[in-house]
Amino acid sequence: AKAEDGYDLWLRYAPLEGEALDRIAGLHGPVAVLSSDGPEEASATMEAARRELGVGLTRLSRNSASSMRSGAEGYVRLECPENRGDSAVGYSVRADGADIRIRGSSDLACLYGVFALLRELSLGVDPVRIDIASEPAMPLRMLNHWDNPDGHVERGYAGRSIFDWWHLPERLDQRMIDYARANASLGINGVVVNNVNARAFMLEPRYIAKYKRLADAWRPYGIRLYVSVRFSAPKDIGGLDSADPLDPEVRAWWQAKADEFYAAVPDFGGFLVKANSEGQPGPQDYGRSHADGANMLAEAIGNRGTVIWRAFVYSAEDETDRAKQAYGEFVPLDGQFADNVIVQVKNGPIDFQPREPFHPMFGAMPNTKLMFEAQITKEYLGFASHLAFLAPLWEEVLDQEPGRGGRVAEVVLPAGMAGVANTGSDRNWSGSHFDQANWYAFGRLAWNPELPSEQIAREWTVQTFTREPEAIEKIVRMMMRSREAVVGYMTPLGLAHLMNTGHHYGPAPWVCDLPRPEWNPCYYHRADADGIGFDRTESGSDALSQYADSIANRWDDPNTIDPRFLLWFHHIAWTAKRPSGLTLWEELVSEYDWGVAEVDAMAREWADLSDAIDPQRHRAVTESLAIQQREARWWRDASIAYWQSLNGLPLPENVRPPA
Ligand code: GCU
């Protein structure tokens, strides 16, 4: 592949130069491959490790490493002799004289170690100084694909699905291997291959054969395959009258179905379920609880895998506050879920907004394994057209202290993280070059949620774009300010869900006539002639009471709440004086302006980089930034004009007129 088309992602292994090149010129290998005596898969993993190392060293060293010297020094030694299974994937990579030793307790540890070594070398680290040891913080590091069997990707902005169900199982696209390499390079170890809005027929034998082919291809890379299931499948495809989780026939059907999966795919990961949400069937259709539904599937899967049950639920019937519903349905069930059930919780209580407070469930279910659900694809952040680096968004939530169990990052440690994938058939996988960084960042954080966003941005930039120090700093600065800019021009000061309905692109705060109240942007901003914001304190929906006292007390007062969440929890008069000395209206307008100015600054910085970036990718990003500049103004101007139609206030004096 041509590096410039983006297909190689962060695995470009662009040739080193100068001293860094000299330093690795002597490196070759691998030799002394000590593999576990395990089953055939184990050696396929070692084979993948060798191959990656060969490709990586060759490219990084401009071929000099490939000319295998017969000298006794300068080898990369892969020493992973004892396979202690799936979970023992921690590795060490250490210089030992002129050699480098990669060690671990499973073949997968060696593969992960190879990727770590290549990352360090790409970053220009001197091989003789390499000394790292690492292991994943959490057991499950997963991608959730919202890919439909017909190739359409729900909320996908990078082309069609990468999964070729039509030709599987006979034909396996090379892309499936490159996809596995990219995931393994980050330590991603689970993939849900189909949309949470699942079609029941994807549980039929013809599909199981396709999963088997994929699972076999991904096994060497440490990736287990999972499938989203439709809860009513026993009725839809099983010929039963019911899908009641307490009905013995239904239970037997799922048991047989699970056995069928494991017969084909012995390390099948398990089921992901969206139930009783947005019209999907579920146990509540039979008067049963989420726990009844999840535990029935958990019994069918047994100790072979996991049931991941999503907490993203809301219904038209509950009219108080959508933000409260998941907590209301799930918290009373704490402690009732089977051991192999994980409840997967979105980062915030509504839906992947540019900014939300953390989900209150993270502090409220100490006896349930909770998994963190992030959205890598940018449904509410300008699709692949707007540049927004999401690591700071996830870091912001992972760092919160929900009041029990430590920080959110610690609460989810026993389970893991899931990210809604942003991959598609586009040559560059993600629809834009910078969106690759979000896939990368998700994987890095799932491996180690303590990694600072800025470090992730920097290492991604070096591997993907350039090793030129000034250019790196410029790009990192762009990335680090990008998500906050989106918040500024779309939903400042805690506003949310003002995107146009259905597709969620562009502003539409004026929409208020859709049949379900919580589909309307006006439901979320509650603006009128006097003020704006959703009162979620005691005088309003009281959603604030779902948070621990230590937090609720701080957030209860509009003057002490973090202003980034102000209008999420409070309805404030337009003319109210804020601690800043400005009125709310003045603050709001200046936020919009600031967001637009930030995008302009990003575009200027990028324009300066034309010498450091290949022309093809430089132009592609330039063109996207031009769209973003125009649409940031669209967001600002449409939003302000609409608020003015309600409050009748003039534009504040100090605010620049729209450019
Ligand atoms: C959002 C998104 C849907 C998706 C849903 C989910 O509402 O718009 O497309 O199905 O989240 O997470 O289940």
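Coordinate-derived values only; no laboratory data. These numbers were taken from a predicted model, which means no experiment stands behind them. Cβ placement follows ideal geometry from the backbone for every residue including glycine, while neighbour counts extend to all protein chains displayed.
Give me the three principal axis extents of the range 147-225 from the C-alpha atoms, as integers in angstrom, largest value leading.
Its Cα atoms span 31, 29, 20 Å along the three principal axes.
Jot down the per residue volume, in cubic angstrom and as a whole number, of the convex hull over the alpha-carbon atoms of the range 142-451.
121
Report the extension gain between residue 553 and residue 299 in nm, rounded to one decimal, defined as 0.36 nm multiplied by the number of residues separating them, less their alpha carbon distance.
That pair, residue 553 and residue 299, stretches by 87.3 nm at full extension.
What per residue convex hull volume, in Å³, comes out for the range 241-307 when only alpha-carbon positions are used?
Normalising the Cα hull of the range 241-307 by residue number yields 85 Å³.
Given the options 371, 6, 642, identify the residue whose Cα lies farthest towards the positive end of the charge dipole of the chain (+1 on Cβ of Lys, Arg; -1 on Cβ of Asp, Glu).
Towards the positive end, the residue furthest out is 6.
Among 80, 522, 110, 512, which comes first, second and so on when ranked by fewest other beta-carbon atoms within 10 Å?
Least to most surrounded, the residues fall as 512, 522, 80, 110.
Place a +1 charge on the Cβ of each Lys and Arg in the range 142-451 and a -1 charge on the Cβ of each Asp and Glu, then give the dipole magnitude about the Cα centre in debye, rounded to the nearest 20.
880
Nothing charged except the Cβ atoms of Lys and Arg (+1) and of Asp and Glu (-1): what's the magnitude of the dipole of the chain about its Cα centre? Round to the nearest 20 debye.
Computed about the Cα centre, the dipole is about 1320 debye.
Label 7 Å along Cα→Cβ of residue 206; the range 232-260 residues with amide nitrogen under 16 Å?
Once the point is set 7 Å along Cα→Cβ of residue 206, 237-238 turn out to lie under 16 Å by backbone N, inside the range 232-260.
Each label point is 7 Å from the Cα along the Cα-to-Cβ direction; what then is the distance between the points at residue 644 and residue 526, in nm?
About 2.7 nm separates the two model spin labels.
Taking the Cα centre of the range 582-632 as origin, work out the dipole magnitude from +1 charges on Lys and Arg Cβ and -1 charges on Asp and Glu Cβ, in debye rounded to 20.
The dipole magnitude comes to about 300 debye.
At 0.36 nm per residue, minus the direct Cα-Cα distance, what do residue 577 and residue 634 gain on full extension? Give it in nm, one decimal, please.
Roughly 17.8 nm would be gained on extension.
Check residue 308: other-chain or 5+ apart residues with amide H under 5 Å from its amide H, H built from backbone geometry?
Amide H neighbours of residue 308, under 5 Å, 5+ apart: 271, 272, 273, 342.
Give me the extension gain from residue 176 to residue 242: residue separation times 0.36 nm, minus the current Cα-Cα distance, reported in nm with one decimal.
Contour length minus the Cα-Cα distance gives 20.0 nm.
Sorted by packing (mean other beta-carbon atoms within 10 Å per residue), highest first, where do 473-484, 496-507 land?
Ranking the peptides 473-484, 496-507 by packing returns 473-484, 496-507.
Below 15 Å, Cα to Cα, which aspartates and glutamates can residue 212 reach? Residues fewer than 8 away in the same chain don't count.
Hits, sequence-local ones excluded: 41, 164, 170, 173, 204, 259, 260, 267.
For each pair in 257/378; 274/378; 378/577; 369/474; 274/474; 474/577, compute the distance between the two Cα atoms and list the pairs where it is over 31 Å.
Listed pairs above 31 Å: 257/378; 378/577; 369/474; 274/474; 474/577.
Can you list the DSSP H helices in the chain whose Cα atoms extend at least 18 Å along the helix axis and whose mean Kyte-Doolittle hydropathy is -0.5 or higher?
In the chain, the long hydrophobic H runs are 40-60, 107-122, 174-186, 469-490, 584-607.
For a label point 7 angstrom out from the Cα of residue 410 toward its Cβ, which stretches of the range 362-380 have the backbone nitrogen within less than 16 Å?
Flagged as within label range: 362-367, 370.
Give the separation of the Cα centroids, the range 149-170 to the range 537-577, in Å.
With the range 149-170 and the range 537-577 each reduced to a Cα centre, they are spaced 43 Å.
Of 56, 353, 180, whose Cα points farthest to the positive end of the dipole of the chain (charges on the beta-carbon: +1 Lys, Arg; -1 Asp, Glu; origin at the Cα centre)?
Of 56, 353, 180, it is 56.
What number, in percent, do you get for the relative contact order of the chain if the mean sequence gap of Cα pairs under 8 Å and at least 6 apart is divided by its residue count?
Across the chain, relative contact order equals 11 percent.
Taking just the alpha carbons, could you work out the radius of gyration and Dmax for the chain, both in angstroms?
Just the Cα atoms of the chain yield Rg and Dmax of 25.5, 81 Å.
Contact order normalised by length for the range 199-318, with contacts defined as Cα pairs under 8 Å and 6 or more residues apart; what percent is it?
That works out to 26 percent.
Restricting to Cα atoms and excluding each atom paired with itself, what does the Kirkwood estimate give for the range 52-178 in Å?
17.3
Residue farthest toward the positive end of the dipole of the chain, with Cβ of Lys/Arg at +1 and Asp/Glu at -1: which of 563, 189, 309?
Checking the options against the dipole of the chain, the answer is 189.
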